[in-house]
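Here the structure is laid out as structure tokens; the discussion comes afterwards.
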Amino acid sequence: MEVSGGTQSTRWAVSNEAMLLPGDEWGNSTEGCDAVRVDDETPLAPAPGHVLASGSLRSPVPGTYVAVNVGTALNGPVGSFGQRLFQLVGRAAPTLTERLGREPGLKSVLYSDRYLRSPLSVRMLADMLRHLASLPGGIGAGTIISVRSTFEDSAQSYTGLTGNWPSANLQRQVTELVITRASKVTPRVELGTRHNVAHHRFLQLEWIDGRKAEIRFDQGLTGMQVARRAVPFDAGRAAERQVTELLQLVVDLEPNAAGSAPIYVAPNI
């Protein structure tokens, strides 16, 4: 094995192929197996072939998903985030729009995002679910809504719309109440750990007739921020006060950074 930087390179040779497997002893000699490392002050020759652009690796797999380039399509008021999202997705996957436009409604909705732990991201999720609740084939009184995330006490800041909550209980309370009042359905909020919550962020929809659709977010809801200004918010206050303020929030959204943060849509899974 060999690696190279701009001015240096390193090579390893091992006496047993099993030593190439990643692990605590990788690159070290062990009983019965030898490893040799050589550092050189010159870089390796360029590898054969050519570098592939990231865009060329995002070709949709037929019959599975459609890649949606977001651009600035989600920029705008937080209170209409859900509408903009499903308009964008619907242009790429019209069968999803057609299905949401007629009854029967949804049997269940699951949103999983291990980084859904800031007031702003929860407010955005609530508006997404609120929009689904306004559609004939969307959320109804009997729909089961599940939200899966994690709690992390960063001990850095509990202020601002992108700060964490100081306790898992408060995070769960605020998330549940904001979504309940936005969608008129009380969700099941589960806070796990990084080990039992999937890394990819997704919204999964299942209808009463058994059909399913899934939307995957490259950066989840934390890929957006408040545009142009910082907004004070105390995530350590009583849950009711936080919920009232979040539901009355009037801010514009924009991406955290320029560049592509695509959404992937599987309208039939």
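The values are calculated or read from the model by the stated rules, or taken from the named source; none is laboratory data. Small disclaimer: the values here were computed from a predicted structure and weren't measured. Here the Cβ is made from the backbone with ideal geometry for all residues, glycine too, and neighbour counts use every protein chain on show.
Across the stretch 53-81, what is the number of residues that are at pLDDT 85 or above, closer than 18 Å to Q219 by Cα and assigned to a helix (DSSP H, G or I)?
Residues flagged as at pLDDT 85 or above, closer than 18 Å to Q219 by Cα and assigned to a helix (DSSP H, G or I) within the stretch 53-81 amount to 2.
Report the residue count in the stretch 167-204 for those that are assigned to a loop (DSSP other than H, G, I, E, B), out of contact with any Ser or Thr (no Cβ under 9 Å at 6 or more places or on another chain) and either in contact (Cβ under 8 Å) with a residue 60 or more places away in the chain or acidic (D, E) (or both).
Residues flagged as assigned to a loop (DSSP other than H, G, I, E, B), out of contact with any Ser or Thr (no Cβ under 9 Å at 6 or more places or on another chain) and either in contact (Cβ under 8 Å) with a residue 60 or more places away in the chain or acidic (D, E) (or both) within the stretch 167-204 amount to 1.
Do we have any residue at all in the stretch 244-259 that's in the same structural domain as G142 (by TED's automatic domain parsing), touching a His at 6+ places or on another chain (Cβ under 9 Å) and closer than 16 Å to V70 by Cα?
no
Among the numbered criteria (1) buried (at least 17 other Cβ atoms within 10 Å of the Cβ); (2) part of a strand (DSSP E or B); (3) touching a residue at least 60 places away in the same chain (Cβ under 8 Å), which one does N164 miss?
(2)
Take V243 and decide whether it is buried (at least 16 other Cβ atoms within 10 Å of the Cβ) and not small (G, A, S).
yes
Quick one: R237 ticks every box in (1) closer than 16 Å to T159 by Cα; (2) not in a loop (DSSP other than H, G, I, E, B) bar one, so which box is it?
So the condition that R237 fails would be (2).
Being surrounded by 20 or more Cβ atoms within 10 Å (Cβ to Cβ) and in contact with an Asp or Glu (Cβ under 6 Å, 6 or more places away or on another chain) is the filter; apply it to the stretch 188-230 and report the residue that is modelled with the highest pLDDT.
Of everything passing the filter in the stretch 188-230, V189 is modelled with the highest pLDDT.
Which ones in the stretch 100-130 are more than 18 Å from I144 (Cβ to Cβ) and not in a loop (DSSP other than H, G, I, E, B)?
Listed by number, the residues that qualify are P119, L120, S121, V122, R123, M124, D127.
Here are some residues: G140, G71, G90, G79. Which one is over 26 Å from V251 (Cβ atoms) and either not assigned by TED's automatic domain parsing to the domain that holds L253 or not β-branched (V, I, T) (or both)?
G140
Collect the residues in the stretch 228-245 that are more than 18 Å from I179 (Cα to Cα) and touching a residue at least 24 places away in the same chain (Cβ under 8 Å), keeping them in residue-number order.
Those that are more than 18 Å from I179 (Cα to Cα) and touching a residue at least 24 places away in the same chain (Cβ under 8 Å): R228, A230, V231, P232, F233, D234, G236.
Among (1) surrounded by fewer than 14 Cβ atoms within 10 Å (Cβ to Cβ); (2) out of contact with any helix residue (DSSP H, G or I) (no Cβ under 8 Å at 6 or more places or on another chain), which single condition is V250 missing?
Evaluating V250 over (1) surrounded by fewer than 14 Cβ atoms within 10 Å (Cβ to Cβ); (2) out of contact with any helix residue (DSSP H, G or I) (no Cβ under 8 Å at 6 or more places or on another chain) leaves (2) as the failure.
Of everything in the stretch 205-224, what is part of a loop (DSSP other than H, G, I, E, B) and either farther than 12 Å from I144 by Cα or not aliphatic (A, V, I, L, M) (or both)? Give them in sequence order.
D209, G210, R211, D218, Q219
Can you find, within the stretch 59-110, the residue that is surrounded by the most Cβ atoms within 10 Å (Cβ to Cβ) among those that are without any contact (Cβ under 8 Å) to a residue 60 or more places away in the chain and of a type in the set (S, T, Y)?
Result: T97.
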